[in-house]
Amino acid sequence: MAKVHNLGFPRIGSMRELKFAQESYWSGKSSKEELLKVAGEIRKINWNHQKSLDWVAVGDFSLYDQVLDMSFTLGNTPQRARDYFGDELDNYFRVARGRSVDPKDAISAAEMTKWFDTNYHYMVPEFDATTTFKLNPTRVVAQIIEAKNLGFNPKPVIIGPVTYLAIGKEKDNSNKLDLLPKLLDVYAELLEVFAEHKIEWVQIDEPILVTELSGELKKAFEVSYSKLNTSKLKILLATYFGTLEDNLDIIAKLPIAGLHIDAINGRGEVDSVISKMSGKVISLGVVNGRNIWKSDLNGILDWLEPIAKKLGDNLWIAPSCSLLHVPVDLASEKKLDTEVLSWLAFAIQKIKEIEVIAAAINFGRAKVADELAQNQKSLSSRRSSARVHNPAVQAELAKVDSNWGKRKSNYQQRQAKQDPILNLPKFPTTTIGSFPQTADIRSARSKYKSGELTESAYQEAMRKEIVFSIKEQESLGLDVLVHGEAERNDMVEYFGEQLEGYAFSQFGWVQSYGSRCVKPPILFGDITRPKAMTVEWIKFAQSQTSKVMKGMLTGPVTILNWSFVRDDQPRSASCAQLALAIREEVLDLEKAGIKVIQIDEAALREGLPLRKSQWQEYLDWAVGAFKIAANGVSDQTQIHTHMCYSEFNDIISSIADMDTDVITIETSRSDMELLDAFDNFKYPNEIGPGVYDIHSPNIPTQDHIISLMKKAAQKIPAERLWVNPDCGLKTRQWSEVTPALTNMVAAAKTLRSQISN
């Protein structure tokens, strides 16, 4: 009999209950006990959705981030957080976001970056030569006991020791792998604790196995799992997001009881896995845990049934990865286009899909004939829908040639034409685009969507917010202004709503980090832009000031990577369609007299394949799509782009190939770590390394900003440096933004007087 399990479940709640409980606690409006009560209720609901499975995942639930949870379980907190004698939960949130409740307890937040190639952000573990570990199993043990008391069979989920070390960073010149022996002692203790609680299986996640491993990391796997080998419980080693390739040879030698692989990305490896892992449990991730399309259940069964006969009881069936990356429940969607709705599956529906697959494997397809027939009907509807394919889009793409991706002149020639027009000081100041989405803005948008507010009344309300943000920027003394994006719900959803080929959920929220949730639009068909999307708003904003106003757009690669993307054509083809739509918008903004246009590509890096050998192919089409979108303008128009919260050092040459006049990029949480890239690479254009960490409530001081910019000036000529925050300011409050930007502008003025170039 094939077994059925799940690697993890969304923890935000179907209506984002966790988000609201977190933010209420952080603001002091509710107690710790109230927050934990909400968390417990969400866990219970999540487990009930998985009650038909052979095991439910425990330890996958987090109050902020699963990597940060692992750091606290291992007793590895940053040096700056170790002498805190307050509540442990408060210290946890201090590391996550700079502070929990009391501003007096503020510290620098942990660095945050993307979890492999997803849009989920994790808190980067920190190491140095003096790092020690001390087990604190309270959180995961409490969830084990909780699940058992509710009648569930728990399977703890933890991040493996090699992945944990690999994704962390040394804060000195030490080698983090030297910490492995001490780290393994604590992992061994943790497994002993699980055994004491009568745990049969533990899931140890080692997604680093789908990347290219150094010799040191390969050796670390051998050492680690020899140390963790125990007869007291069974280890299911879990990999996901990619293929194992040569790393399968390493895994085959490990003393583990089972292996989970991502059979969405690695179906071609399954035969090799079965051969090399003979006699062990093979868990196949046959349902896509990262996208929202219904699975082809009959197609999966055609492939899986022969495997099931071969493996028998050693076959486990699961989603490809944790369902953290998809929304909770499709049943909540009452307004989504009914045809598109019939093509989709969210987390709860994906659990149902693996139940149906397992039932068919164990009892025959006749047992689930109705479910299989309905599934086939949905798939046929999608394949035959005239809304998916648009011949006119294909004809437009055929017109694109290499000249569409080139500016007329090089950067130096463009700069010479732009400088007299823009007339900016040295160290010009700007922001990334958005300003706080206040309660008034959110209320007006909600009333407009519900019909309580007319379109004209809503637009007037947004214009008032735009005027307010412009006056604030003028008062602060910023050099290049933005309109504040009051009218935009989300930097991707806003554009998707105005493009043909997109559909939108009402409650399709996915956690990005902490309490920050996004609602990715659903790209189901060929993309066209029926009309201008931003021009009237930007024209209005420019009419309110004599200063330079930036037009704000989201780039094609980011729209692609932050959408649920169709799976019936290559991602590169969808990206090219988006590039044409954004190009039209860029040209319309230029015609409207907008002199500076920012095209955000925050998600450029997260689309990279996990193996470096495959990077160039992706970068070629991704950078090419951006250049098609950006480069139809005249030399006099200044093009900006923005990137944040990823590691950019190793793709800096591709970023330079984008040939934007100015790039603004996140650097403050990593203490200007990006600048290391310029030791060996001379970035040719202008750059604004972020100096204000907008994901923390902490307000940067003027001295701190000056210090960061002086570091930058050692690597980049001062005349090519801008001063700006790390990212947009929509998630912050004006009470934080105003003093932070005041310090930023003051710092720029000081820099102008202190640094000459």
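Screening Ser14, Ser24 for residues that are among the polar types (S, T, N, Q) and under 22 Å from the mean Cα position of the chain (by Cα) leaves exactly one candidate, Ser14. Within region 610-618, identify whether any single residue is in a loop (DSSP other than H, G, I, E, B) and over 30 Å from Ser27 (Cα atoms), and answer yes or no. Yes, region 610-618 contains a residue that is in a loop (DSSP other than H, G, I, E, B) and over 30 Å from Ser27 (Cα atoms).
Filtering region 411-423 to residues that are open to solvent by 50 Å² or more (accessible area, probe 1.4 Å) and either in a helix (DSSP H, G or I) or touching a helix residue (DSSP H, G or I) at 6+ places or on another chain (Cβ under 9 Å) (or both) leaves Gln412, Gln413, Ala416, Lys417, Asp419, Pro420, Ile421. Summed over region 500-545, residues that are open to solvent by less than 40 Å² (accessible area, probe 1.4 Å), among the hydroxyl-bearing types (Ser, Thr, Tyr) and in contact with a helix residue (DSSP H, G or I) (Cβ under 7 Å, 6 or more places away or on another chain) total 4.
In region 675-690 there is at least one residue matching the filter, namely being assigned to a loop (DSSP other than H, G, I, E, B), within 22 Å of Gly514 (Cα to Cα) and in contact (Cβ under 8 Å) with a residue 40 or more places away in the chain. Considered as a group, the residues in region 629-674 that are in contact with a Gly (Cβ under 6 Å, 6 or more places away or on another chain) and part of a loop (DSSP other than H, G, I, E, B) include one that is modelled with the highest pLDDT, and that residue is Asn631. Quick one: is Gly28 open to solvent by 20 Å² or more (accessible area, probe 1.4 Å), closer than 19 Å to Lys134 by Cα and part of a loop (DSSP other than H, G, I, E, B)? For Gly28, the condition - open to solvent by 20 Å² or more (accessible area, probe 1.4 Å), closer than 19 Å to Lys134 by Cα and part of a loop (DSSP other than H, G, I, E, B) - is not met. Scanning region 94-117 for residues that are within 15 Å of Ile694 (Cα to Cα), open to solvent by less than 20 Å² (accessible area, probe 1.4 Å) and assigned to a loop (DSSP other than H, G, I, E, B) yields Gly98, Ala109, Ala110, Glu111. Is it fair to say Leu323 is touching a Pro at 6+ places or on another chain (Cβ under 7 Å) and either open to solvent by less than 10 Å² (accessible area, probe 1.4 Å) or polar (S, T, N, Q) (or both)? So Leu323 fits the description; yes. Suppose we keep only residues that are touching a helix residue (DSSP H, G or I) at 6+ places or on another chain (Cβ under 7 Å) and modelled with pLDDT under 90 within region 712-744. Which one would you say is surrounded by the most Cβ atoms within 10 Å (Cβ to Cβ)? Among those that are touching a helix residue (DSSP H, G or I) at 6+ places or on another chain (Cβ under 7 Å) and modelled with pLDDT under 90, it is Ala712.
Given the condition under 28 Å from the mean Cα position of the chain (by Cα), open to solvent by 50 Å² or more (accessible area, probe 1.4 Å) and under 23 Å from Asp172 (Cα atoms), answer yes or no: does some residue in region 685-706 qualify? Yes; the residues of region 685-706 include at least one that is under 28 Å from the mean Cα position of the chain (by Cα), open to solvent by 50 Å² or more (accessible area, probe 1.4 Å) and under 23 Å from Asp172 (Cα atoms).
Filtered by the rule that a residue be open to solvent by less than 10 Å² (accessible area, probe 1.4 Å) and either in a loop (DSSP other than H, G, I, E, B) or closer than 20 Å to Pro154 by Cβ (or both), region 31-41 gives a lone residue, Ala39. Evaluated against (1) in a helix (DSSP H, G or I); (2) open to solvent by 20 Å² or more (accessible area, probe 1.4 Å); (3) under 17 Å from Ala57 (Cα atoms), Lys198 falls short on exactly one condition, (1). Restricting attention to region 147-178, the residues that are open to solvent by 10 Å² or more (accessible area, probe 1.4 Å) and more than 19 Å from Ser322 (Cβ to Cβ) add up to 14. Between Ile292, Ile300, the distinction of being open to solvent by less than 20 Å² (accessible area, probe 1.4 Å), more than 24 Å from Phe221 (Cβ to Cβ) and touching a Leu at 6+ places or on another chain (Cβ under 6 Å) belongs to Ile292 only. Is one or more of the residues making up region 575-598 open to solvent by less than 10 Å² (accessible area, probe 1.4 Å), among the charged types (D, E, K, R), touching a residue at least 12 places away in the same chain (Cβ under 8 Å) and in a loop (DSSP other than H, G, I, E, B)? No: region 575-598 contains no residue that is open to solvent by less than 10 Å² (accessible area, probe 1.4 Å), among the charged types (D, E, K, R), touching a residue at least 12 places away in the same chain (Cβ under 8 Å) and in a loop (DSSP other than H, G, I, E, B). Residue count for region 463-504 satisfying the condition of being within 30 Å of Ser385 (Cα to Cα), of a type in the set (Ser, Thr, Tyr) and modelled with pLDDT of 95 or more: 1. Residues that are more than 31 Å from the chain's Cα centre (by Cα), more than 23 Å from Val58 (Cα to Cα) and open to solvent by less than 10 Å² (accessible area, probe 1.4 Å) within region 218-263 comprise just one, Leu254. The set of residues in region 118-146 that are surrounded by 15 or more Cβ atoms within 10 Å (Cβ to Cβ), among the charged types (D, E, K, R) and closer than 24 Å to Leu165 by Cβ comprises Glu126, Asp128, Arg139.
The values are calculated or read from the model by the stated rules, or taken from the named source; none is laboratory data. No experiment lies behind these values; they were computed from the predicted model shown. Every residue, glycine among them, receives a Cβ derived from its backbone with ideal geometry; neighbour counts consider all protein chains shown. In case anyone asks, the SASA skips ligands and DNA or RNA and just uses the protein heavy atoms, side chains included. Shrake-Rupley method; radii C 1.70, N 1.55, O 1.52, S 1.80 Å.
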